[in-house]
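Report on the following structure.
The values are calculated or read from the model by the stated rules, or taken from the named source; none is laboratory data. Please read these numbers as outputs of a predicted model, since none were measured by experiment. In this analysis, Cβ positions are derived from the backbone assuming ideal geometry, glycine residues included, and neighbour counts consider all displayed protein chains.
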Amino acid sequence: MAKLLDSPKDYVTRVLESPQAIPAGEWNALIARDEAPFMRHEYLAALHESGSATPDTGWTPRFITLWRGNELRAACPLYLKDHSYGEYVFDWAWAHAYEQHGLEYYPKGLVAVPFTPVPGPRLAAADDHARRALVKALLAFCKAERLSSLHLLFGDDDDVAACVDAGLMLRHTVQFHWINQAPARAASSTAPPPEEANCAFERPGGATAGWPDFDAFLASLSHDKRKKIRQERRKVHDAGVSFRWSRGADIARADWDFFYRCYQRTYREHGNPPYLTRDFFRRMERDMPENWLLFVGERAGRPIAASLIALGGTAAFGRYWGALERVDCLHFEACYYQPLQWCIEHGMSRFEGGAQGEHKMARALMPVKTTSAHWLAHPAFADAVERFLQREDSGISIYLEHLEARSPFRNEKG
């Protein structure tokens, strides 16, 4: 059912209760299809139709859409949330503070891709004017519904600019991403040995192509980090585990089934049901096969582990993994070394390792600042949160400096 709201000038705002109420072609036309696979209509629809993100699991959809006549000009996935699970930008302390003062924090408004902490566009729009109008429509909806707050998670630069223009507060967190290019180093009076040279290379015309192979990537790391990675890979090899990969339509149904066994078991071992249902992955196999890469680890001809990587444009995204047997360093091999080697061999520009995890730096995934935007209806709490965010941002800056000083790359500072 569509609900009409008072709209920003030049637009009609419709609130829709399902992505299926929005024509897939019109939605996808508003996003960079290759670079934003998680905002594709097929992905969002699969989350809902599979029973993964539904009112029963705490995700009540209220997609906000802006129309000019019959033309869709802007849209975003908005959810009414009665908890803060599956978000990866943590506001439990805010909810607790509301409760202590006898106020209701839930339901809140959330603009996000459920269970997917991958930075990218959240406000799909034809242009900046429509994007800013969409933020105004979001605020109008939250006020009309008397929601405690509005949160936009892991937005891109265009989203952030539109949110700042509307007066939302910004919050920063840190993720770890691998870039397929050796970092620049300060000049040193002592030239490195050839096997430890900066191994980025150039294609004809001067375009940087990244490392030519995994060994060249290793050579760019400090001796200790390079040694550690080789030791970890050797442990998996010596345990008799080898890996194979398949992509897109070449991923067999049996491999999808095996992957889900692994994925489900990992969640169960941590005492939680998995966020995503088997039907979600069936829909990915059917509707977005080109966006998935699967690694399967085998021992003695029998599969024992799997990791599923999402692909978009020239980027790869570490998403899900699991194992049926315990092997020392198997997680690192399945989730980092195999994907990084594949990215190098296939010319991918970056690999995003997901939320949190300083241990990723030892695998050359470097810290990256991510941004979310927030609005709180209660003036006093808004002021308190703004002060908190200012202090937190100072801490994030210090934290990033600390991390960058621990770079795994060799002689980065001379």
Requested in this report: Please verify whether region 39-50 includes one or more residues that are among the polar types (S, T, N, Q), in contact with a Pro (Cβ under 8 Å, 6 or more places away or on another chain) and not in a helix (DSSP H, G or I).
Outcome: no
**Report entry** Scope region 234-258; condition more than 19 Å from LEU324 (Cα to Cα) and part of a helix (DSSP H, G or I); matching residues
**Finding:** ARG234, GLY248, ALA249, ASP250
Report task. Check region 94-113 and report whether any residue there is over 28 Å from VAL385 (Cβ atoms) and β-branched (Val, Ile, Thr). Result -> no
Report task. For region 102-110, state whether one or more residues are closer than 27 Å to PHE176 by Cβ, at pLDDT below 95 and outside any helix (DSSP H, G or I). Result -> no
Report task. Assess whether LEU110 counts as being crowded, with 22+ Cβ neighbours inside 10 Å and either among the basic types (Lys, Arg) or under 19 Å from TRP375 (Cβ atoms) (or both). Result -> yes
Query raised in the report: When you look at VAL135, is it part of a helix (DSSP H, G or I), closer than 28 Å to ARG350 by Cα and out of contact with any Asp or Glu (no Cβ under 7 Å at 6 or more places or on another chain), yes or no?
Result: no
Report task. Please give the number of the condition GLU290 fails out of (1) surrounded by 20 or more Cβ atoms within 10 Å (Cβ to Cβ); (2) at pLDDT 95 or above. Result -> (1)
Report task. Could you tell me which residue of region 357-414 is nearest to LEU340 (Cα to Cα), considering only residues that are assigned to a strand (DSSP E or B) and small (Gly, Ala, Ser)? Result -> SER372
**Report entry** LYS360, sole failed condition from (1) over 17 Å from the mean Cα position of the chain (by Cα); (2) surrounded by 15 or more Cβ atoms within 10 Å (Cβ to Cβ)
**Finding:** (1)
Requested in this report: Scan region 300-352 for residues that are in contact with a strand residue (DSSP E or B) (Cβ under 8 Å, 6 or more places away or on another chain), among the acidic types (Asp, Glu) and surrounded by fewer than 20 Cβ atoms within 10 Å (Cβ to Cβ) and report the count.
Outcome: 1
**Report entry** Any hit, region 24-37, residues being touching a Ser or Thr at 6+ places or on another chain (Cβ under 6 Å) and either surrounded by 21 or more Cβ atoms within 10 Å (Cβ to Cβ) or in contact (Cβ under 8 Å) with a residue 24 or more places away in the chain (or both)
**Finding:** no
